[in-house]
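**Student:** This is the structure I want to talk about, given as structure tokens.
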Amino acid sequence: MTDVPVIEIKLYEMMAKRNIRTIEQLKEKTGLSRKAVSAALNNKNHRMHTDTIAKLCVALDCKISDLLVLKEGNK
């Protein structure tokens, strides 16, 4: 059976680089709900809408590749 790659969300790292310390601060910068921001932070999203990714990238002034990283699956 082939291992399935995993997408890792580097949201904590990007927030730290931009001196954003709370979910509330990111919520205000993105216009996203607290639930959406919290789910992204905790990698609980199995699916993330492209508009959510776009809002995070704009708020964090980063590229998609800075925020989302494709990792090899567990072996």
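**Student:** For segment 50-75, which positions are touching a residue at least 40 places away in the same chain (Cβ under 8 Å) and in a loop (DSSP other than H, G, I, E, B)?
**Tutor:** Hits for segment 50-75 are D61, C62, E72, G73, N74, K75.
**Student:** Quick check, is L26 of a type in the set (A, V, I, L, M), surrounded by 15 or more Cβ atoms within 10 Å (Cβ to Cβ) and outside any helix (DSSP H, G or I)?
**Tutor:** no
**Student:** I'm checking my understanding of the structure. Among residues of segment 45-69 that are loosely packed, with under 14 Cβ neighbours inside 10 Å and of a type in the set (D, E, K, R), which one is nearest to V6 (Cα to Cα)?
**Tutor:** Only one residue fits best here, namely R47.
**Student:** Taking the condition among the small types (G, A, S), buried (at least 17 other Cβ atoms within 10 Å of the Cβ) and closer than 12 Å to I9 by Cα, does A39 pass?
**Tutor:** So A39 fits the description; yes.
**Student:** On to the next question. Output the number of residues of segment 1-21 satisfying the condition of being part of a loop (DSSP other than H, G, I, E, B) and loosely packed, with under 13 Cβ neighbours inside 10 Å.
**Tutor:** Pass one, segment 1-21, residues part of a loop (DSSP other than H, G, I, E, B): 1-5, 10, 18-21.
From what is left, the residues that are loosely packed, with under 13 Cβ neighbours inside 10 Å are 1-5, 19, 21.
Residues flagged as part of a loop (DSSP other than H, G, I, E, B) and loosely packed, with under 13 Cβ neighbours inside 10 Å within segment 1-21 amount to 7.
**Student:** Separate question: Kindly evaluate A40 against the criterion of being in contact with a strand residue (DSSP E or B) (Cβ under 8 Å, 6 or more places away or on another chain) and in a helix (DSSP H, G or I).
**Tutor:** yes
The numbers here are math on the coordinates, done by the rules we state, and not lab data. Note that the coordinates shown come from a computational prediction; the quantities given were computed from them, not determined experimentally. Glycine gets a Cβ as well: all are built from the backbone with ideal geometry, and neighbour counts include every protein chain shown.
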